[in-house]
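What follows is a single structure, written as structure tokens, with notes after it.
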Amino acid sequence: MRKKVLSVVLTGTMAAMMLAGCGGSSSSTSTSGTNTSGSTTSQAASSATTSTGSSSSGGSLRLVNGKIEVDAQLKELAQAYKDETGVEVQIESMGGGVDIQGTLKGYYQSDNMPDIFVCGGSADFSNWTGMLADMSNQAWVSDTDAAYKDADGKVIGFPYTTEAIGLAYNADILSKAGIDPASITGPDSMKSAFETLDSKKDELGLTAVIGYCAEATNLYWSTGNHMFGIYEDAGLARDDTTYADKLNNGGEIDETRFKPYAEMIGLFNQYSDPSLLVSGTYDQQILNFASGKYAFVTQGSWIGATMTNDDKEAYDAAGDFKVGMLPYAFQDGIDTIQTNSPSWWAVFQNDNTAEAEKFLQWCAGDAGQKILVEKAGFISPFKSCTYVASDPFAETISDYTKAGKTSAWHWLDNKEGLAQNALGVVYQDYASGNIKDADTFTSTIEQVCKQYYSN
């Protein structure tokens with residue numbers, strides 16, 4: 001009976017979404033889907049059609065993975081679990097433009113749901129309200145700050161990897177300039193460090209102190225999502241949604257907090273590479289950082305994969321320098337970087353739920369983490385994990401995580417299109433000088449947000 005009721009509800013929901021011309025997908029609600037860490041291939045189209053029958057029971061599980069690039073590694077994980085427990089885990093990988101949530105809805109209608117599947121954020125999870133296992137009592141929950149919780153505080157998403165947003169830096173350059181990264185703890189020390197680096201650009205081989213790009217057409221996601229998200233969350237407890245809630249209450253901006261944030265963005269405008277500030281591309285921004293031309297760069301940990309793959313030659317030539325991350329300390333006392341999972345694994349409630357939960361607990365343990373970190377290259381969200389991925393930013397993220405010095409990010413819950421349709425151009429205008437100062441930037445952002453939320 002419950003199945004029939006849910007089917008009717010979901011059918012109605014799907015019909016409404018089709019009429020609205022939109023559908024949930026992990027790429028639309030996750031950072032890794034928008035010019036960040038995830039790269040996928042067209043192999044997903046064939047993977048998505050390789051179903052394995054109805055929800056499994058007893059000695060097998062089925063997991064839908066949204067990162068096609070680690071398909072082989074997850075199958076190795078599944079084999080290790082089978083070798084240890086006898087339970088088979090079938091990995092079904094999707095990517096390369098496949099509408100994962102749409103495919104899952106089709107699976108539901110045909111009574112073909114996997115036991116575990118990927119969700120990329122609130123929009124994805126909302127497709128399955130009342131159908132997912134509450135994992136709040138699982139042992140792994142107390143070992144991470146990155147579990148996904150619903151509006152009632154129930155844990156319904158397992159974090160299998162983590163990404164971070166912080167002020168990324170070239171540790172070798174800072175060392176040569178005599179700057180201890182730990183000394184940059186607020187706006188005054190940040191400004192002092194920028195001035196020192198600027199005065200030594202020639203001897204350090206720098207093109208600019210910082211690689212910050214505010215081009216609005218293609219990089220709105222960087223400024224309007226990630227950079228704006230620093231205002232929303234930097235320095236806060238992971239469950240503190242004070243400023244995100246204000247924003248979603250009619251587009252309110254807290255001027256007392258935003259003004260020093262605006263001054264930090266002004267500092268970035270002043271010391272960025274003028275050739276890229278309002279016309280640069282993401283690829284050029286990361287290539288220049290990997291080449292040692294910038295001491296800082298305003299992108300998240302996902303750039304590590306770019307530096308060691310696409311930009312490997314330039315990174316090697318620059319000495320494979322050590323990197324790190326600083327808190328965006330636009331106010332004294334901000335001492336966290338922002339970390340989150342780009343997506344989570346959810347457990348569908350069925351006869352196999354307990355077995356699925358056992359598998360996820362194993363994944364959070366030593367054997368699972370060794371494969372996920374060392375083979376798949378994931379940065380562990382679990383505090384007890386002793387393995388460190390080869391990613392350049394893995395060590396610093398692990399250090400902040402173990403120290404409990406992380407904030408979450410809530411820009412995923414901002415009104416749809418806010419970054420692309422409203423915020424991006426304001427950051428570009430500030431960078432280009434059309435907006436003259438931090439006060440005007442603050443008032444303009446406030447005006448734009450209120451207008452956008454009123455429509």
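The values are calculated or read from the model by the stated rules, or taken from the named source; none is laboratory data. As the structure is a prediction and not an experimental result, all values here were calculated from the model. Counting neighbours? That spans all protein chains shown, and the Cβs are built from the backbone with ideal geometry, glycine included. For accessibility, only protein heavy atoms count, side chains too; no ligands or nucleic acids. Shrake-Rupley method; radii C 1.70, N 1.55, O 1.52, S 1.80 Å.
Tell me, please, whether a residue that is under 16 Å from residue 292 (Cβ atoms) and either at pLDDT below 95 or of a type outside the set (Asp, Glu) (or both) can be found in segment 217-230.
no
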Review point. Within segment 123-152, restricting attention to residues that are more than 19 Å from residue 381 (Cα to Cα) and under 21 Å from the mean Cα position of the chain (by Cα), which residue is modelled with the lowest pLDDT?
Key: 123
Exercise for review: Select, from 398, 443, the only residue that is closer than 19 Å to residue 166 by Cα, part of a helix (DSSP H, G or I) and among the small types (Gly, Ala, Ser).
Suggested key: 398
Check your understanding: If a residue has to be in contact with a strand residue (DSSP E or B) (Cβ under 7 Å, 6 or more places away or on another chain), in contact (Cβ under 8 Å) with a residue 60 or more places away in the chain and open to solvent by less than 10 Å² (accessible area, probe 1.4 Å) to count, how many in segment 242-271 make the cut?
Key -> 0
**Study point:** Those residues of segment 418-455 which are closer than 28 Å to residue 124 by Cβ, open to solvent by less than 40 Å² (accessible area, probe 1.4 Å) and either of a type in the set (A, V, I, L, M, F, W, C) or free of Cβ contacts under 8 Å to residues at least 12 places away in the same chain (or both), in sequence order
**Key:** 418, 419, 422, 423, 448, 449
Point to revise | Of all residues making up segment 218-238, the number that are in a loop (DSSP other than H, G, I, E, B), in contact with a Gly (Cβ under 8 Å, 6 or more places away or on another chain) and open to solvent by less than 20 Å² (accessible area, probe 1.4 Å) | key: 1
Point to revise | Looking only at segment 304-363, and only at residues there that are part of a strand (DSSP E or B) and over 20 Å from the mean Cα position of the chain (by Cα), the one that is nearest to residue 291 (Cα to Cα) | key: 347
Exercise for review: Answer yes or no: is there a residue in segment 90-101 that is closer than 21 Å to residue 349 by Cβ, in a helix (DSSP H, G or I) and in contact with a Gly (Cβ under 9 Å, 6 or more places away or on another chain).
Suggested key: yes
Review point. Do you know which residues across segment 133-179 are open to solvent by less than 30 Å² (accessible area, probe 1.4 Å) and in a loop (DSSP other than H, G, I, E, B)?
Key: 133, 135, 146, 147, 160, 161, 162, 166, 177, 179
Exercise for review: Could you please find all residues in segment 180-217 being assigned to a helix (DSSP H, G or I) and β-branched (Val, Ile, Thr)?
Suggested key: 196
Check your understanding: What number of residues in segment 388-415 are modelled with pLDDT under 90, of a type in the set (A, V, I, L, M, F, W, C) and open to solvent by 30 Å² or more (accessible area, probe 1.4 Å)?
Key -> 2
Practice item. Look at residue 371 and say whether it is surrounded by 18 or more Cβ atoms within 10 Å (Cβ to Cβ), closer than 24 Å to residue 242 by Cβ and of a type in the set (A, V, I, L, M). Key: no
Check your understanding: Mind checking whether some residue in segment 206-215 is farther than 30 Å from residue 420 by Cβ and open to solvent by 10 Å² or more (accessible area, probe 1.4 Å)?
Key -> yes
Revision key, fill the gap. Of (1) modelled with pLDDT under 95; (2) open to solvent by 40 Å² or more (accessible area, probe 1.4 Å), residue 306 satisfies every one except (2)
Study note, to complete from the structure: Exception for residue 334 within (1) more than 26 Å from residue 204 (Cα to Cα); (2) touching a Leu at 6+ places or on another chain (Cβ under 7 Å); (3) among the hydrophobic types (A, V, I, L, M, F, W, C) falls at (2)
